[in-house]
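Please read the structure below before turning to the comments.
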Amino acid sequence: MKSPHDLASLTIGSVREGLQAKKFSAKELTQAALDLAEAENPKTNAFLTFACEHALADAERVDKAVAHGGYVGALAGVPVGIKDVIVTKDLRTTCGSRILENYIPPYDATAVYRLREEGAVILGKLNCDEFAMGSSNENSAYGPVRNPRALDRVPGGSSGGAAASVAQGTAVATLGSDTGGSIRQPASFCGVVGVTPTYGRVSRYGLVAFASSLDHIGPFARNVEDAATMLRIIAGRDDLDSTSAFAPVDDYHALMRHPVRGLKLGLPKEYFEGLNAETGDVIHAAIKQLGSLGCEIREISLPHTKYALSCYYIIATAEASSNLARYDGVRYTIRSDGDSLTSMYRNTRGSGFGAEVKRRIMLGTYVLSAGYYDAYYRKAQQVRTLIAKDFSEAFKDVDALVTPVSPFPAFKIGEKVDDPLAMYLSDVYTLTGDLAGVPCMSVPCGESPEGLPIGLQIFAKHFDEATMFRVAYKYEQATSR
Ligand code: GLN
């Protein structure tokens, strides 16, 4: 029997069962979750803001619904956390930046609204790299997050707090965002499930823009089933985001139970070059396991992979330089005065943004400037099309792709912080998924000899999250102890 004090092992299903059997009330569970999250936070710094009053009020509503015997929602009473780049009504949203230190949004992002509609209880907001730019959570203006599996190591980034809180047991599930790997890489580093859906599958309304053509909202959870539940709830067309897709949302739970025997899985050879040996051993063992479940494994090639990193850092910085122009000291919270309008802008942006954000604004402004637009930005867009074509060609022959998430497991805090190019390499295997807009996820598949979690990445065709979940679920079933 689960009590609210087994928070670290609760799942969406067990919360539901506990509430319905009256083993605990949503209010008791929420109070226990808040107490635990607050007590544990000094270890990891995963939460930036706690939403105690909101959370207890939401929980009371759930308890009333349970008492009336009506529909209580698929996430009734489930303690969740939200990455701090996703806006929450009346709840501070900083984007990990000093420039939004006191920003209180007047509305909920669509994904948050949909979670709340299903009874989820939002405990608070989760630390991240400033404006989601980073791979280690060390770019937050509010201090780094530590990996709960090894406190001297990074949790990955940019959704470091969202991955760490699920791993630490302080939230049952969370929402993160992924522009180049920011859900899958921290999921892999912290040993939890993380999902980047198809571009357009989940509304971006209320996701603070970093690089709009690459940004995705997606869930973190303890297991594949919970991740699928979260995605099913937040997915689907939203008139408030014109890029959100009309494609129907599948019944992931039914479809992922279908056998994987006969599924064709591609191993793109480019993703196995430059991999550290220990990570390689764990990934190969996972692939072998999928083979023994009856999947047909084939080596394939995604020939333009080697251009992904350069292509991503041109497109993402170009879009960021445009999106971040709005933080000007006139709208949104802080302002540093100056003796002219220009110096007010300069002082506000100079003191409000951190070094990585400034680096990207400069890089993005450069690649969009009249003299360099064709050489960099236009070229990168053409390369992006080739990368996307690699995937569509591959999916003519295979149903899904399996690869490592990152070339190495969680690194030490401080290890790469002075070397942006080494940091950017953390994402070599994840950027392509965002550039092509295909669904992809990380599922835990083992540990390095030092006991650091390693994730297996699964890619599927556009809008075919069901096949991706099927591979992940069957793998998880076959390997969970
Ligand atoms: N690490 C990558 C970057 O710094 C990806 C970030 C993300 O996905 N938000 O841009």
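Each reported figure results from applying straightforward, stated rules to the coordinates on display, with no laboratory input. Computed from a predicted structure; not experimentally measured. Don't worry about glycine lacking a Cβ; one is built from the backbone with ideal geometry, like all the others, and counts go over all protein chains shown.
Numbers for the structure displayed
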{"item": "For the range 56-117, alpha-carbon Rg over 2.2 N^0.38 Å", "result": "1.32"}
{"item": "The range 277-394: translational diffusion in µm²/s, Stokes-Einstein, Kirkwood Rh over Cα pairs, 10 °C, 1.306 mPa s", "result": "89"}
{"item": "For the range 366-377, Karplus couplings with θ = phi - 60° (6.51, -1.76, 1.60), whole Hz, Gly/Pro x", "result": "5, 5, 9, 6, 3, x, 10, 3, 5, 5, 10, 5"}
{"item": "Hydrodynamic radius of the range 344-393 per Kirkwood, over alpha carbon pairs, in Å", "result": "13.0"}
{"item": "Estimated 222 nm signal from helices in the chain, with DSSP H stretches of n ≥ 4 weighted -39500 (n - 2.57), rounded to 500", "result": "-11500 deg cm²/dmol"}
{"item": "The range 53-67 - phi-based ³J(HN,Hα) in whole Hz, Karplus 6.51/-1.76/1.60, Gly and Pro as x", "result": "5, 4, 5, 5, 5, 4, 5, 4, 4, 5, 4, 5, 5, 4, 5"}
{"item": "Built amide H within the under 5 Å cut-off of V405, gap 5+", "result": "G455, Q457"}
{"item": "R0 of 25 Å, Cβ-Cβ distance E117-D337: FRET efficiency to nearest 0.05", "result": "0.05"}
{"item": "Amide H within-cut-off set for R153, under 5 Å, with H built and near neighbours excluded", "result": "N147, I413"}
{"item": "Calculated FRET efficiency for the pair E450/A254, C-beta based, R₀ 35 Å, to 0.05", "result": "0.35"}
{"item": "Built amide H within the under 5 Å cut-off of A173, gap 5+", "result": "G81"}
{"item": "Packing-based order for 393-403, 127-137, using average beta carbon neighbours within 10 Å, highest first", "result": "127-137, 393-403"}
{"item": "Net charge contributed by nearby residues that have their C-beta within less than 11 Å of R298 (K/R +1, D/E -1)", "result": "-2"}
{"item": "Spherically averaged projected area in nm², based on the convex hull that wraps the Cα atoms of the range 423-481", "result": "4.9"}
{"item": "Extension gain from V330 to D239, taking 0.36 nm per residue of separation minus the Cα-Cα distance", "result": "29.9 nm"}
{"item": "Cα pair count fraction exceeding 38 Å, expressed as % - the chain", "result": "19"}
{"item": "Ordering of 335-341, 119-125, 239-245, 147-153 by burial proxy (mean other Cβ atoms within 10 Å per residue, highest first)", "result": "119-125, 147-153, 239-245, 335-341"}
{"item": "Protection-proxy order for peptides 422-431, 382-391, 76-85, each taking the mean of Cβ atoms within 10 Å per residue, highest first", "result": "76-85, 422-431, 382-391"}
{"item": "Kirkwood-type radius of the range 195-350, with distances r between different C-alpha atoms, in Å", "result": "19.9"}
{"item": "Per-q log10 I(q)/I(0), the range 149-266, q = 0.19, 0.20 Å⁻¹ (Debye; single scatterer per alpha-carbon; no solvent)", "result": "-1.03, -1.10"}
{"item": "Charge dipole magnitude, Cβ of K and R +1, D and E -1 - the chain, Cα centre, debye nearest 20", "result": "360"}
{"item": "Whole-Hz ³J(HN,Hα) from phi, Karplus 6.51 cos²θ - 1.76 cosθ + 1.60, for the range 229-238, glycine and proline x", "result": "4, 4, 5, 4, 6, 8, 7, x, 3, 9"}
